[in-house]
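Data first, discussion second: the structure below is written as C-alpha cells.
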Amino acid sequence: MPKFRAKQILDWRNKGITTPSLMRNLPLDLQEKLHAEMVCEPLTLVRKMSSNDGTRKYLFALTRRPYVGKMVEAVFIPDERRGTVCISSQMGCVLDCPFCHTGTQKFEGNINSSEIIAQVLAIKHDLLNDPLPSALSLHGEVSHIVYMGMGEPLANEHSVYQSLEILLSEEGLNLSRRRVTLSTSGLVPQIDRLGLQSPINLAISLHSANDILRDTLVPINRKYPLQDLRQCLNRYPLPQQRHITLEYVMLAGVNDRQEDLEALVKFTNPARERINLIQFNPYPGSPYQGTPSEQLHRFAKRLIKKGIRATLRRSRGQDIMAACGQLKAATDPTMILAR
Ligand code: SAH
Ligand code: SF4
C-alpha cells in the first residue's frame, strides 16, 4: 500500500472511527482486508448512561481471553472549557481505600494498553454519532484525559506507559502532556519512574496529612508514609507554572477538623502544589458521610488564607453513579447478552 494509506487509517482511528467500512476514503478492497486481518475492537460498549449535567458513563466489556465479558467503566465529563475523559486502568483495585467503591470490588486483573486507548476512542466515536445537546453549552469533544477511573494506574505501569505513548505521540492522539493527568494513591518508586519516563500532570490521593489517619484512609501509606511521599513529590519534575494536585476527599468528622487542616497546611508546599477538595460521593453501603458544603467552603477559605491554592471539585454525574469513587462495574455477564 502507498504510505498515505497508513496516515488515512490513523486519522480515522484518532477520530474514534475504528470500523474499516466507515473509513470512506479507503478503497473497498483495503477496507475488506483490514476487516479480515486487523483486530479493531478490544472493547465492546455494553451500556451508556447520560447524566442531566452532560456527563456520560460508559460500561465496556473486554474481548480478550481470559477476560471476555469482564467490565470496565469510563466517563466523559464536559464543562464549559474542556471535555475530559476519565479512564480506568484496572478491573477493580487491590488497595482498599475504605471510602472508594472501586476498592470494594474484587480485583480481577490489569487491562492492557489497547483497552485503555479503546476507552478514549469509543468515547470519541460516541460523541461524533451522538453529540452533546447544544442547549447544554458544554465542550463536546475530548480535550483532556485523566487516569482517575477504576484501579491504581501505577500498579499497572507497563500498560499505562504504553497507552501514554499513544496518547502523546504525533501519530497517536497527539495530546500535549499538559492535558493528561494521572492520579495515584502514592506509590513512591512508581511516581519516580513516571517522572523520568513521562512527566505528565500528577495528582495524589492524599486525603490526610496525618500518618495515623492516612494509614486507614489510604492503606498504601503503611508502605510509603507521608515523609517518603513528601520527598518524592519534591523530586517530581514539573514543567513551568504547573502544579501537583493533592486530592482531598472531605469526610465529615474524619479528616475535616481543625487539626486536619493544620496538618495539611504543614505538609503542603504551596510553590509546587495545590489542593483539590473533593466532595465525598456516596455509594450503597458506604461507611462515611461527606462534609456539609458550607463547612467544605470554610475549609477551602482557610487554606487559601494560608497562601495555599485550593479548589473545590464539582461533583459530576452523581445521578448515574459516575462521580469519583463511584465506579464499580457490574460483573453480571447476562448484561452483555441484554445488549
Ligand atoms: N487509584 C487512583 C485513581 C483512581 S481514584 C487514586 O486513588 O488516586 C480517583 C480519585 O477519586 C482519587 O482521588 C480517589 O481518592 C477519589 N475517590 C475515591 N472514592 C471516592 C468517593 N467515594 N468520593 C469522592 N472521591 C473518591
Ligand atoms: Fe484503589 Fe484509588 Fe479506590 Fe484507593 S481510591 S481503592 S487506590 S481506586
**OP:** Taking only segment 212-252 into account, find how many residues are under 27 Å from residue 101 (Cα atoms) and among the aromatic types (Phe, Trp, Tyr).
**Re:** 2
**OP:** Kindly check whether there is at least one residue in segment 107-114 that is within 16 Å of ligand 2 (Cβ to nearest atom), crowded, with 22+ Cβ neighbours inside 10 Å and over 16 Å from residue 13 (Cα atoms).
**Re:** yes
**OP:** Restricting attention to segment 203-252, report how many residues are away from ligand 1 (no atom under 16 Å from the Cβ) and at positive phi.
**Re:** 1
Original post:
Hey, does segment 258-272 have a residue that's in the same structural domain as residue 205 (by TED's automatic domain parsing), buried (at least 19 other Cβ atoms within 10 Å of the Cβ) and farther than 22 Å from residue 184 by Cβ?
Top reply: no
Original post:
Among the residues of segment 99-107, is there at least one that is under 14 Å from the mean Cα position of the chain (by Cα), within 23 Å of residue 217 (Cα to Cα) and part of a helix (DSSP H, G or I)?
Top reply: yes
Original post:
Do we find that residue 203 is closer than 22 Å to residue 98 by Cβ, away from ligand 2 (no atom under 16 Å from the Cβ) and not acidic (Asp, Glu) in this structure?
Top reply: no
**OP:** Evaluate the following for residue 292: is it closer than 18 Å to residue 204 by Cβ and away from ligand 1 (no atom under 12 Å from the Cβ)?
**Re:** no
Original post:
Do we find a residue being at pLDDT below 95, within 16 Å of ligand 2 (Cβ to nearest atom) and under 23 Å from residue 151 (Cβ atoms) anywhere in segment 306-314?
Top reply: yes
Original post:
In segment 71-106, how many residues are among the aromatic types (Phe, Trp, Tyr) and within 14 Å of ligand 2 (Cβ to nearest atom)?
Top reply: 1
**OP:** Looking only at segment 277-299, count how many residues are aromatic (Phe, Trp, Tyr) and within 14 Å of residue 257 (Cα to Cα).
**Re:** 1
**OP:** Taking the residues in segment 121-133 that are in contact (Cβ under 8 Å) with a residue 60 or more places away in the chain, assigned to a helix (DSSP H, G or I) and of a type outside the set (Gly, Ala, Ser) as candidates, determine which candidate is farthest from residue 286 (Cα to Cα).
**Re:** 128
**OP:** Quick one: residue 179 ticks every box in (1) basic (Lys, Arg); (2) more than 22 Å from the chain's Cα centre (by Cα); (3) buried (at least 18 other Cβ atoms within 10 Å of the Cβ) except a single one, so which number is it?
**Re:** (2)
Original post:
Applying the selection to segment 34-67, what residues are in a loop (DSSP other than H, G, I, E, B) and closer than 15 Å to residue 118 by Cα?
Top reply: 38, 39, 40, 41, 42, 63, 64
Original post:
Being in a loop (DSSP other than H, G, I, E, B) and at pLDDT 95 or above, is that true of even one residue in segment 110-117?
Top reply: yes
Original post:
Can you name the condition, by its number, that residue 73 falls short on among (1) free of Cβ contacts under 8 Å to residues at least 60 places away in the same chain; (2) in a strand (DSSP E or B); (3) not polar (S, T, N, Q)?
Top reply: (1)
Subject >> Matching residues in segment 124-173 - criterion: being buried (at least 20 other Cβ atoms within 10 Å of the Cβ) and polar (S, T, N, Q) >> reply: 156, 163
**OP:** Among the residues of segment 13-68, write down those that are surrounded by 14 or more Cβ atoms within 10 Å (Cβ to Cβ) and either among the hydroxyl-bearing types (Ser, Thr, Tyr) or in contact with a Pro (Cβ under 6 Å, 6 or more places away or on another chain) (or both).
**Re:** 18, 31, 34, 44, 50, 51, 54, 55, 58, 63, 67
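The values are calculated or read from the model by the stated rules, or taken from the named source; none is laboratory data. Nothing here was measured: the structure is a model prediction, and the numbers come from that model. We place every Cβ from the backbone using ideal geometry, glycine too, and count neighbours over all the protein chains shown.
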